[in-house]
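Just so it is clear, none of the values below were taken in a lab; they were calculated from the coordinates. Remember, predicted model here, so these are calculated numbers, not experimental data. Methodologically, a virtual Cβ is constructed for each residue, glycine included, from the backbone with ideal geometry; neighbour enumeration extends over all protein chains shown.
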Amino acid sequence: MSDSPSKSSPKQEGLSLLFADDEGSLQELMKLELPRMGHTVTVCPDGVTAVAAIEKNTYDAILVDQDMPGLTGVEVIARLKELSPSTEAVVITGKSSMESAVSALRCGAFDYLTKPCKLVDIEALLQRIAAKRDLTKKFHALQRRLERIEGSPQLIGQSRGMAHVNTLIDKVARTESTVLVLGETGTGKELVARAVHDRSPRAEKPFVAINCGALPETLIESELFGHTKGAFTGADEHRIGLFEVASGGTIFLDEIGELPKAMQAKLLRVLESREIRRVGENKTMKVDVRVVCATHRDLAEMVTGDEFREDLMYRINTFEINLPALRERLDDLPALAEHLLKRFRPSARPIEQQFTDEALEALRGHVWPGNVRELANVVEHATILCESGPITVDDLPQHFNRRQLSGNARSRGPMTLRELEMEAIHESLERNDGSKPKVAEELGISLKTLYNKLNSEATLKVA
């Protein structure tokens, strides 16, 4: 050991550490230097004593020599991950024992140090561990705060489609399988991912969501896997990636279809090896995460068009959950609308009827191209106009008077061919509970033609 620790390091809350090494001089040195860095430390002379201490106490991190009598450092780390998976581990090894370092990383070690190691290197490594711990604590605090404000995420609905979705979630949640959630934009794919996490053995660990389509291509790798200081222009400090933040829990990769081809190859490697490499580093580290992906795109079609890797598609599609569009489960609409109304009126006095019958009829008659997300916007709009009492048709956005306006148009004169056509489609959607295949069959048109007409109407409304 050499060099004194830096005096200019940022102040962080100290860690609770265990240090294990059979060299007496190192034991004495760590008893002095680790507390000077602001940490508390338990020093052990061998691996057996270290395991005994781990079985009795919880530590933020342990630093263990690889070559100790009784139990090796790798064996101590393996036992640690059984007892306390969230405790970080660092293995100290000789330069001739790189295989041992790799074995430790595969067992879940945070990092490794080679002898003779400097105190400044130990301090920098412990700062990274402390930063990860603090970031995880902040994440959990924010998550709890959001749940208090908005309530715990819930999948609302008793329709046949949603009952099937819940059954699939229950079956896959208790496994470690990768899950692919499919559905249109706004259907609630992240809620499904959260439900998989919440019903799994990982429920007490982090749930980290990332929208792959919202990140600049140049930053995706750094966001997912982290980077070292100086790895690229602007990398002024070490950064922990989201896969590390999600360690022990679940990472949700939303809009996986938007991931660039180069990143698809790197993600495939991570899913197969369960190892990540920070940008700017050569060594890999083991990660323990459950992966849930989602997309609104047709991945098979993207594979045909050379936009998505076929091997990655099969790797993430171990278990598939298809989330129905809102127009395909209109029976759930009243319950969804009332649930959303409570979110926007959290302190309102309960009333017997939250929506008038006419308002619910208008909501059921809508195509819902934006699905539940669009419904949330509609309900929020209504609560702005109607602060108390039941929501009426007049409180809804203007285009929800379509049915009433079309009835008035009949009394004024003949309707256009397009108006008649769309009214027939909407009436058929109501009769068939939103099932588009049944509507297409009933009206004698192809399913593609039906989609085109509905999408065209939605575009006109937006315009």
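In sequence order, segment 377-394 has phi-based couplings of 5, 5, 5, 5, 4, 5, 5, 5, 7, 10, 6, 8, x, x, 6, 10, 4, 5 Hz under the Karplus curve 6.51 cos²θ - 1.76 cosθ + 1.60, θ = phi - 60°, and Gly or Pro positions carry x. Neighbours of residue 15 by Cβ distance under 10 Å: Lys/Arg scored +1, Asp/Glu scored -1, total -2. Tell me the angle of helix 261-273 to the major Cα principal axis of the chain, expressed in degrees between 0 and 90 and rounded to the nearest ten. It works out to around 60 degrees. Distant-in-sequence amide contacts of residue 209, defined by a placed amide H-H separation under 5 Å and a gap of 5 or more residues or a different chain, comprise 252. Amide hydrogen proximity for residue 322: with H placed 1.01 Å from N in the peptide plane, the residues at 5 or more positions away or on another chain lying under 5 Å are 182.
Coupling constants for segment 20-32 follow from the phi torsions by the Karplus curve (6.51 cos²θ - 1.76 cosθ + 1.60, θ = phi - 60°), and in residue order they are 10, 7, 8, 8, x, 5, 5, 4, 5, 5, 5, 4, 8 Hz; glycine and proline get x. The mean sequence separation of alpha-carbon pairs under 8 Å and at least six residues apart, normalised by the residue count of segment 152-324, gives a relative contact order of 33 percent. Of all lysines in the structure, the ones whose alpha carbon falls short of 29 Å from that of residue 438, not counting any fewer than 8 places away in one chain, are 189, 448, 453, 461.
Between amide H atoms placed 1.01 Å from N, distances below 5 Å from residue 42 occur with 17, 18, 19, all of them 5 or more places distant or on a separate chain. Computed over the chain, the P(r) tail beyond 44 angstrom holds 30 percent of alpha carbon pairs. Centre-to-centre, using Cα atoms only, segment 208-223 and segment 33-76 are separated by 37 Å. Shape analysis of segment 16-130 based on the Cα gyration tensor places the equivalent ellipsoid semi-axes at 17, 16, 14 Å, largest first. With the convex hull constructed from alpha-carbon coordinates only, segment 152-324 shows a mean projected area of 10.3 nm² over all directions.
The C-alpha atoms of the chain define a longest principal axis, and helix 333-344 lies at about 60 degrees to it. Working note: Karplus 6.51/-1.76/1.60 with θ = phi - 60° gives segment 231-241 the couplings 5, 7, 4, x, 7, 7, 7, 5, 9, 7, x Hz, where Gly and Pro are set to x.
Taking only DSSP H segments of four or more residues, each worth -39500 (n - 2.57), what value at 222 nm results for the chain once the sum is divided by all its residues, to the nearest 500 deg cm²/dmol? Result for the chain: -14500 deg cm²/dmol, rounded to the nearest 500. Rounded to the nearest 10 degrees, what's the angle between the helix 119-150 long axis and the longest principal axis of the chain, both from Cα atoms, 0 to 90? Value to nearest ten degrees: 30.
Using the Cβ-Cβ distance between residue 351 and residue 385 with R0 set to 22 Å, the FRET efficiency works out to roughly 0.85.
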